[in-house]
Amino acid sequence: MSTTTTLNVNGKDHSVDAEPDSMLLYALRNDLKLHGPKFGCGLSECGACTIIMDGSAIRSCVTPVSAAQGKKITTLEGLGTPEKPHPLQQAFIDEQAAQCAYCINGIIMTAKAFLDHNPKPSRDDIKQALNGNLCRCGTHMRIVRAIERAAKHGGQA
Ligand code: FES
Ligand code: FES
């Protein structure tokens, strides 16, 4: 039976009618029309659906809506805008890190949570942090350089 859940997303409260065990990714994409989080595998294996919940990068494809009640959620849309990109988004543009870009939103959200906790990472730290995010295009080195660039320019802000 569907129930009403309040989701705090990108600083605003939204009421969503959903089965409590339905996945947060669907509520974000279908109800709130936030298409930053992508559906990749649906099995917590690729990272395309990554968002930030209470400061941690999580996989919205395996997180039930009920687990998000009362939490602060940030999606890619909560970082920057095309006119004023977040430093991390700007670094990805500057390094031309995206090819098809399907993985990139999840990688940026993973990197955001990571840099917030570790603002001066080594290259190995970055690789380790991105271990669970798959990129079928193989732009890994550009992605790592983009995160290094963002860290240099205070991308954790
Ligand atoms: S879609 Fe969630 S980890 Fe792949
Ligand atoms: S840029 Fe295409 S999957 Fe990563």
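Table for the structure above
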| quantity | calculated |
| --- | --- |
| Accessible-area order (highest first, 1.4 angstrom probe) of the listed residues Lys71, Lys84, Lys12 | Lys84, Lys12, Lys71 |
| Accessible area in square angstrom per residue, the chain, 1.4 angstrom probe | 52 |
| Accessible surface of Lys72 - all protein chains present, 1.4 Å probe, nearest 10 Å² | 130 |
| Difference of contour (0.36 nm per residue) and Cα-Cα distance, Asn118 to Glu19 | 32.0 nm |
| Stretchable slack from Asp125 to Lys33, in nm (0.36 nm times residue separation minus alpha-carbon distance) | 29.8 nm |
| Cα→Cβ-extended label distance, 7 Å offset, between Met141 and Thr3, nm | 5.2 |
| Charge dipole magnitude, Cβ of K and R +1, D and E -1 - the chain, Cα centre, debye nearest 20 | 480 |
| Gyration tensor (Cα) of region 3-157, equivalent ellipsoid semi-axes in angstrom | 26, 16, 14 |
| Listed residues Glu148, Glu83 arranged by accessible area, highest first, probe 1.4 Å | Glu83, Glu148 |
| Extension gain from Lys72 to Ile93, taking 0.36 nm per residue of separation minus the Cα-Cα distance | 4.9 nm |
| Area of His140 that stays accessible when all protein chains are in place (1.4 Å probe, Å², to 10) | 90 |
| Shape of region 1-83, Cα gyration tensor, a/c cut at 1.5 | oblate |
| Accessible-area value, Tyr102, 1.4 Å probe, nucleic acids and ligands omitted, Å² | 90 |
| log₁₀ of I(q)/I(0) at q = 0.11, 0.14, 0.17 Å⁻¹ - region 49-140, Debye sum with one point per alpha carbon | -0.32, -0.52, -0.77 |
| Percent accessible area from carbon and sulfur atoms, region 89-157, protein chains only, probe 1.4 Å | 48 |
| Pairwise centroid distance, computed over Cα atoms, of region 72-96 with region 1-42, Å | 21 |
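The values are calculated or read from the model by the stated rules, or taken from the named source; none is laboratory data. Quick caveat, the model's predicted, so the values are computed rather than measured. Neighbour counts are summed over all protein chains in view; Cβ atoms, including those assigned to glycine, are modelled from backbone coordinates with ideal geometry. Side chains included, ligands, DNA and RNA excluded: accessible areas come from the protein's heavy atoms. Shrake-Rupley method; radii C 1.70, N 1.55, O 1.52, S 1.80 Å.
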